[in-house]
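Step one of this worksheet: look at the structure below.
The numbers here are math on the coordinates, done by the rules we state, and not lab data. Remember, predicted model here, so these are calculated numbers, not experimental data. Using ideal geometry, Cβ is built from the backbone for each residue, glycine included, and neighbour counts are taken over all protein chains shown.
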Amino acid sequence: MFSNLHTHTTRCRHAFGTEREYIEAAIAQGIRVLGFSDHAPMLFPEGYYSKRVRMLPEEMDVYVSTLQALRDEYKNEIRILIGLELEYYPELFDRTLKFLSGYPLDYLILGQHYLDNEYEAPNHTMLGFSERKYLQRYVDQCIAGMEAGCFTFLAHPDCFLFKGADRDYEEEMERLCRRAVELDVPLEINMYGVIKGGHYPNDRFWEIASRVGNTVLIGLDAHRTEMLSNLEARAAAYAMAERHGLVPIDLPEIRVPFKTLSV
Ligand SMILES: [Zn+2]
Ligand SMILES: [Zn+2]
């Protein structure tokens, strides 16, 4: 039995499976807590629309009401939590958070996929950067997000593809890990990354997290229902933790998302 708080649905336009299909798959796997964390709608500047990344603001109502109905329907079989995965984009963050606070969300997770933002000269964190200043910006952004105090955990902290000097990587990522400890934000070993077979989760990062003493968890980051029954990938994610002496927690403490919001 285990829990998973990192689940995406068709609403983000790049994942497969409805909420009900995920719930059925989770029950079949004996999952006791299933949290939905689809990519949050964001209040972008006029004219920008992310076609393959996230739902639109006007789609929030149906996302939440669908999950509320399913949460009631399945309440004797599984605990459903309603959440979102959100980016920390400095210019949009406050107004997006304010918009989201109008919905009864249980939790938010921080997933930083872009440097700065995704609508001006997009700098996807997985492009591969060699210069320290870009890694530094990524770390700064993750830290600013964690400092906002609304995130239950940081998803795939090692998704930033860095091709520069080891020492730069060590120092910057140690800075990220230390701040996560201070702010009591768990870090996620990402199972979707295991399945994709890319550069994360990576040993270099988790060795640092182990040394710093971070709290870690395994997040499925499910983009297909089949990922819930992928025991091989789950074992590989646990093996990554074990190699570095890390013991993943099953369920993080849920941080109330909007309590720090100044109205
Ligand atoms: Zn996604
Ligand atoms: Zn995700």
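Consider THR152 against the criteria (1) surrounded by fewer than 19 Cβ atoms within 10 Å (Cβ to Cβ); (2) not in a helix (DSSP H, G or I): it satisfies all of them except one. Which criterion is unmet?
(1)
Only residues in the range 106-124 that are closer than 21 Å to TYR200 by Cα count as the first member; pair them with residues that are away from ligand 2 (no atom under 16 Å from the Cβ) and among the aliphatic types (A, V, I, L, M), Cβ under 6 angstrom, at least 6 apart or cross-chain, and list the lot.
Taking only residues 6 or more apart or on different chains, the pairs are ASN123/LEU115.
Could you list, in sequence order, all residues of the range 217-232 that are small (Gly, Ala, Ser) and either away from ligand 1 (no atom under 16 Å from the Cβ) or within 12 Å of TYR22 (Cα to Cα) (or both)?
Once the filter is applied, which keeps residues that are small (Gly, Ala, Ser) and either away from ligand 1 (no atom under 16 Å from the Cβ) or within 12 Å of TYR22 (Cα to Cα) (or both), the range 217-232 yields ALA222, SER229.
Within the range 215-236, how many residues are more than 13 Å from ligand 2 (Cβ to nearest atom), assigned to a helix (DSSP H, G or I) and not charged (D, E, K, R)?
Number of matching residues: 7.
So which residues in the range 187-203 are under 14 Å from GLU242 (Cα atoms) and more than 14 Å from ligand 2 (Cβ to nearest atom)?
Answer for the range 187-203, where residues must be under 14 Å from GLU242 (Cα atoms) and more than 14 Å from ligand 2 (Cβ to nearest atom): ASN202, ASP203.
Taking the range 8-46 only, how many residues are of a type in the set (Phe, Trp, Tyr), within 26 Å of LYS98 (Cβ to Cβ) and touching a strand residue (DSSP E or B) at 6+ places or on another chain (Cβ under 9 Å)?
1
Yes/no matrix, rows are residues, columns are (1) surrounded by fewer than 17 Cβ atoms within 10 Å (Cβ to Cβ); (2) assigned to a helix (DSSP H, G or I); (3) at negative phi:
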| residue | (1), (2), (3) |
| --- | --- |
| ASP158 | no, yes, yes |
| ASP168 | yes, yes, yes |
| TYR200 | no, no, yes |
| ILE208 | no, yes, yes |
| ALA239 | yes, yes, yes |
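Condition check ((1) part of a loop (DSSP other than H, G, I, E, B); (2) at positive phi; (3) under 16 Å from the mean Cα position of the chain (by Cα)) across all residues:
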position	(1), (2), (3)
ILE27	no, no, no
TYR49	yes, no, no
ASP61	no, no, no
ILE82	no, no, yes
LEU92	no, no, no
ARG137	no, no, no
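Looking only at residues that are under 14 Å from MET146 (Cβ atoms) and touching a helix residue (DSSP H, G or I) at 6+ places or on another chain (Cβ under 9 Å) in the range 183-208, which one is nearest to ligand 1 (Cβ to nearest atom)?
Among residues in the range 183-208 that are under 14 Å from MET146 (Cβ atoms) and touching a helix residue (DSSP H, G or I) at 6+ places or on another chain (Cβ under 9 Å), the one nearest to ligand 1 (Cβ to nearest atom) is GLU188.
Which residue pairs have Cβ atoms closer than 7 Å, lie 6 or more positions apart in sequence or on different chains, and pair a first residue in the range 78-94 that is hydrophobic (A, V, I, L, M, F, W, C) with a second residue that is more than 16 Å from ligand 1 (Cβ to nearest atom) and part of a strand (DSSP E or B)?
Pairs that qualify, where the first residue is hydrophobic (A, V, I, L, M, F, W, C) and the partner is more than 16 Å from ligand 1 (Cβ to nearest atom) and part of a strand (DSSP E or B), are ILE78/LEU34; ILE80/LEU34; LEU81/VAL33; LEU81/TYR107.
Determine whether the range 26-35 contains at least one residue that is within 16 Å of ligand 1 (Cβ to nearest atom), touching a Ser or Thr at 6+ places or on another chain (Cβ under 9 Å) and of a type in the set (S, T, N, Q).
no
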